[in-house]
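Reading through the structure tokens given below for one structure.
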Amino acid sequence: MDQQLLAKTFVELADNLVADFDLIDFLRLLTDRCVGMLDASAAGVLLADRDGKLRVMAASDERVRLLELFQLQNDEGPCLECFRTGVPVIVPDLGTVTARWPRFAVATQGSGFGAVQALPMRLRDEIVGALNLFRTAPGPFDPAATPVAQALADVATISLLQQRTAQRSTVLNEQLQTALNSRVLIEQAKGKLAERQGIDMEQAFTALRGYARSHNRRLADVARALIDGSEPLTGLGS
């Protein structure tokens, strides 16, 4: 494990008290670093909206985003169970849980994953969501990596709750609702850019994110501009 990158990640996840805090980019950082540093092939984050319903907010790749949506649509899977119980759900071999989550187990294996663990995003009694980590091969998760993943989820949760406290006029649920609306824009922009440039959805997201970061702009603003054609976005294929 890259200790310097790990330390940097904790700092980045804790550094949320800024005026242009971007929740979607923040959560994507969490999933990307879990994949880059820990015993995970892919990762996703689900957060509860203002009505307490889980929503897909970040995924390290398109396969995971679709699997997270599949969990919600079929009301079964480790992330839902983790969110409802507030305790980690660890499945070293998805082939052993076909009776527990029949549709999810088949869909996940069909997407090339053999193991999954869901970690709660909680602070004491308040649960805001769950972090899902997937591995391609069945087998136990690295016992040293799982506590680190939980620590990253904990820091991210604290940051989200601190953000709510810092912005007293905007509660966390409203912020999440805004992020959900932004997520829709970003998905539309991904599709438009992917079709225009003949690339896949993950490459389209990487291009959008890279453009937003290099121009110091919010992802949603770039996505909106691409969709409505209100500005050239030079270098993004518009």
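Table for the structure above
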{"quantity": "Average accessible area per residue (Å²) across the chain - probe 1.4 Å, nucleic acids and ligands excluded", "calculated": "45"}
{"quantity": "Nitroxide proxy distance, nm - points 7 Å out along Cα→Cβ at residue 200 and residue 99", "calculated": "3.6"}
{"quantity": "Theoretical ellipticity at 222 nm over the chain - DSSP helices of four or more residues, -39500 (n - 2.57) apiece, nearest 500", "calculated": "-17500 deg cm²/dmol"}
{"quantity": "Helix 219-228 vs. the chain, principal-axis angle (Cα, 0 to 90°, nearest 10)", "calculated": "60"}
{"quantity": "Of 199, 227, 186, the one that fluctuates the most in a GNM where the chain has Cα springs shorter than 10 Å", "calculated": "199"}
{"quantity": "Karplus (6.51, -1.76, 1.60) ³J(HN,Hα), θ = phi - 60°, over the range 64-71, in Hz, Gly and Pro reported as x", "calculated": "5, 4, 5, 5, 5, 4, 4, 4"}
{"quantity": "Average projected area [Cα convex hull, the chain], square nanometres", "calculated": "13.1"}
{"quantity": "Calculated from backbone phi, Karplus (6.51, -1.76, 1.60) coupling profile of the range 38-55 in Hz, x at Gly/Pro", "calculated": "10, 7, 9, 8, 7, 8, x, 10, 10, 10, 7, 8, 5, 9, x, 8, 6, 9"}
{"quantity": "FRET efficiency, 1/(1 + (r/R0)^6) with R0 30 Å, evaluated for residue 144 and residue 188 via beta carbons", "calculated": "0.15"}
{"quantity": "Binned Cα-Cα distance frequencies in the range 34-122 - 10 Å width, integer %", "calculated": "17, 56, 26, 1"}
{"quantity": "Volume per residue of the C-alpha convex hull in the range 177-228, rounded to whole Å³", "calculated": "65"}
{"quantity": "Segment residue 123-residue 234, length gained on full extension (0.36 nm per residue, minus Cα span)", "calculated": "35.7 nm"}
{"quantity": "Percent carbon-and-sulfur accessible area, the chain, ignoring ligands, DNA and RNA, probe 1.4 Å", "calculated": "52"}
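The values are calculated or read from the model by the stated rules, or taken from the named source; none is laboratory data. None of these values were measured; they are calculated from a predicted model. Reconstructed Cβ throughout: ideal geometry from the backbone, glycine too, with neighbour counts over all protein chains shown. When the accessible area is computed, the model is the full protein with side chains, heavy atoms only, and any ligands, DNA or RNA have been set aside. Shrake-Rupley method; radii C 1.70, N 1.55, O 1.52, S 1.80 Å.
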